[in-house]
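Enquirer: Take a look at this one; I'll ask things after.
The values are calculated or read from the model by the stated rules, or taken from the named source; none is laboratory data. Small disclaimer: the values here were computed from a predicted structure and weren't measured. As a convention, Cβ positions derive from the backbone with ideal geometry for all residues, glycine included, and neighbour counts pool all protein chains shown.
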Amino acid sequence: PLNQLLYVDLKTFLPCLNLETTDKTSMAATLEVRVPLLNHELVEMAARMPPHLKLRGLKRKYIFKRAAEKLLPRDVVWRKKAGFGAPIRSWLRGPLRPLVEDLLSEDVIRRRGLFRPAEVRRIIAANSSGREDYNLQVFQLMTLELWQRIFIDAKQPRY
């Protein structure tokens, strides 16, 4: 099952989302991004490896990290992954605040008829004040409203 999941990831998520997004955003910043770990020979070798070398308990990239121990300090190799995300919180409370109010106004929510306007207002207020972290939910609601406007409401959808 692990190799099958990795194959699906290799054929779908990696090229269609991860690499494409990286390519577009790096080009927008006039950067050239390299992906040496996607060298076809390395990928083919990894595909032939047995699952127990790829995953050891909950430790991912096990064999890769064992090999890296010879080149890097152990604490660097085995440290927890640190993700980085878009600063959605500061956007929603700052420059995107007028857009939040426009896209998720009580009138818009009521007309759309998908959500309870009072609940959407509560989520936005709690998020704006910092009492709760609803950044993802607010961003998703905004995205849904924009999607509705572009693909459902428009007479001729824009692709």
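Enquirer: May I ask you to verify whether GLY94 is out of contact with any Lys or Arg (no Cβ under 7 Å at 6 or more places or on another chain), among the small types (Gly, Ala, Ser) and not assigned by TED's automatic domain parsing to the domain that holds LEU6?
Expert: yes
Enquirer: For region 1-35, name all the residues that are of a type outside the set (Phe, Trp, Tyr) and under 22 Å from HIS52 (Cβ atoms).
Expert: PRO1, LEU2, ASN3, GLN4, LEU5, LEU6, VAL8, ASP9, LEU10
Enquirer: Being within 24 Å of the chain's Cα centre (by Cα) and either within 15 Å of GLN148 (Cβ to Cβ) or not in a loop (DSSP other than H, G, I, E, B) (or both) is the filter here, so list the residues in region 102-138 that pass it.
Expert: Within region 102-138, LEU103, LEU104, VAL120, ILE123, ILE124, ALA126, ASN127, SER128, ASN135, LEU136, GLN137, VAL138 qualify.
Enquirer: For region 82-99, name all the residues that are part of a helix (DSSP H, G or I) and either farther than 20 Å from ILE152 by Cα or of a type in the set (Phe, Trp, Tyr) (or both).
Expert: Hits for region 82-99 are ILE88, ARG89, SER90, TRP91, LEU92, ARG93, ARG97, PRO98.
Enquirer: So in region 48-77, with the set limited to residues that are small (Gly, Ala, Ser) and under 24 Å from LEU5 (Cα atoms), which one is surrounded by the fewest Cβ atoms within 10 Å (Cβ to Cβ)?
Expert: GLY57
Enquirer: Of all residues in region 39-94, which are under 30 Å from SER128 (Cα atoms) and at pLDDT below 85?
Expert: LYS81, ALA82, GLY83, PHE84, GLY85, ALA86 - these are the residues of region 39-94 that are under 30 Å from SER128 (Cα atoms) and at pLDDT below 85.
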